[in-house]
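Structure first, commentary second.
The values are calculated or read from the model by the stated rules, or taken from the named source; none is laboratory data. Bear in mind that the values here come from a model prediction, so they are computed numbers and not experimental data. All Cβ positions, glycine included, derive from the backbone under ideal geometry; neighbour counts span all protein chains shown. Keep in mind that these areas ignore ligands, DNA and RNA; they rest on the heavy atoms of the full protein, side chains included. Shrake-Rupley method; radii C 1.70, N 1.55, O 1.52, S 1.80 Å.
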Amino acid sequence: MALQALNPHRHAAAVSPAPSPVPRRGHPPPQPLLHLPPRRRLAAGAARPRAVAAAVSGAINEARRRGAPQGGGGEDGRKDTDLATLGNLCVDVVLSVPQLPPAPWEERKAYMERLAASPPDQKFWEAGGNCNLAFAAARLGLSCSTLGHVGEEIYGKFLLDVLQVEGISVVGMLENTNAAACRQAYETLLCWVLVDPFQKHGFCSRADFSEEPAFNWIRKLPADIRTAIHHSKILFCNGYAFDEFFPDVIASSIDCAIDSGTAVFFDPGPRGKSLLHGTLDEQRTLEHALRLSDVLLLTSDEAEALTNIRNPVQAGQELLKRGIRTKQVVIKMGSKGSIMVTKNTISCAPAFKIDVLDTVGCGDSFTAAIAFGFLHDLPAVNTLTLANAVGAATATCCGAGRNVARLDKVLQLLREADLNEEDTLWTELIEGNSLCMVSILSGMARNGFSEQIVHVPVTKVVSDLLPMLEAVLERSAVQA
């Protein structure tokens, strides 16, 4: 399905891109010609030239001087970072092209190499991947850190500058490398976002053309990353991390978080389905993440792919049942809204009605608000309402990166409280769940009473959220 980015229309905003098999980072669905087969993970690592090591090390040291916590965090084991993201740091280069790349693998690779040979003007660059999540979370007042690799070339310097301006710290991954890999292996990841005259999107990245993870020289979790995880309240990881790191590195980060008392958020994303049928190491690490995360975030299609259960509520309950540490399963349902499933409750919140301009980055923005609600121990319906509003605010802007939701727009949507209510949808989804208490966000008065279903007035939720968010806005104004 092509994203109609330049043709805004009135309907309920998607809190995340419409569910479909998307093989690129946080973007709307590419065309079938760009779908790639699952990639093998080889055991052999790559080495690293000393000259490159020195150059890249300088970039990361500079990033730390710009705001990354020295030694990973606060004193005496206190957690002074609210949210840390693992990997998926890339620069999106958004270009209009007369036609999308050719289908054959070799031709597509040559096409990308031609693009990379002549860097386009910086006005076409944007921070991508997990930067979207970090930006949205920071604008909600959360302290954020990005854990991953950024190179020293022009794209890496751009990414570090943007992260600094947004108040996001960077902790690099330069430990445990040796001396023989090509320079390209240490460059910042680029995602070429290509838009044809019909507003169809295609995506190219060097990670698409390698049988190994992009950063295959990272053989184990660096000490600085362990320290940063230890000093973070939440570690966020998604399926795209498998494009950059070996499964063992991802599993180690989750284990490190658990040992440190850090909550783990995991979003398998569209990669979840291919990982389910990937290498044995990929399958094991996917299962590890699904069972040991505190919070799982999925679209309804992704939940169905992992459970073979079409009803998103029942799929969420199945994932919760399989989990060892799982406290919340959050299902993103695009323009319909969102659901949170816990051990004893089901919470539903319809989406906000807006003029949709672009759904890129909506899912990342949504996740930022779920993290806010988790850290502030908000009621589930309140958390979902905020998440829907933040995702919707992003959908009113064109593109992601620095264009993700701003707090003033989130506040506007909450005050308007214009919901896309579909009573029959929620009734069908919760049918047969007699053992759980069900809470549904509602914009209109309800007659009657049910011991199982509670309709929560949106006015009540908004009145609870506004003082917290207005305080964040005031603090931001003072700091500016």
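Just the accessible area for Met437, please: 1.4 Å probe, Å², rounded to the nearest 10?
Spelled out: Met437, probe radius 1.4 Å, area about 80 Å².
Consider just the alpha-carbon atoms of segment 369-437 and return their Rg together with their Dmax, both in angstrom.
In Å, with Rg to one decimal and Dmax whole: 14.6, 44.
Counting heavy atoms of the protein chains only and a 1.4 Å probe, report the per residue accessible area for segment 338-429 as a whole number of Å².
On a per-residue basis, 30 Å².
In nm, to one decimal, how far is the Asp355 label point from the Arg322 one, both placed 7 Å along Cα→Cβ?
4.3
For the residue pair Arg284 and Phe198, what label-to-label distance in nm results when each label sits 7 Å from Cα along the Cα-to-beta-carbon direction?
It is 4.5 nm.
For labels at Ala110 and Asp80 in the simple 7 Å Cα→Cβ model, what's the distance in nm?
5.4
List the lysines whose Cα lies under 25 Å from the Cα of Lys233, skipping any in the same chain that are fewer than 8 positions away.
Lys79, Lys220, Lys321, Lys327, Lys332, Lys343
Would you rank Asp358, Asp259 by solvent-accessible area, highest first, keeping every protein chain in place and using a 1.4 Å probe?
Values: Asp358 10, Asp259 135 Å².
Ranked list, largest accessible area first: Asp259, Asp358.
On the accessible surface of segment 384-444, probed at 1.4 Å, how many percent belong to carbon and sulfur atoms?
Here it works out to 48 percent.
So if each residue of separation counts as 0.36 nm, and I subtract the Cα-Cα distance between Ser210 and Arg291, what length gain in nm does that give?
Working: separation 81, 0.36 × 81 = 29.16 nm, distance 2.87 nm.
Length gained between Ser210 and Arg291: 26.3 nm.
What ranking of Arg402, Arg206 comes out by heavy-atom accessible area, probe 1.4 Å, highest first? Please list the in-between numbers first.
Values: Arg402 85, Arg206 45 Å².
The most accessible residue leads, giving Arg402, Arg206.
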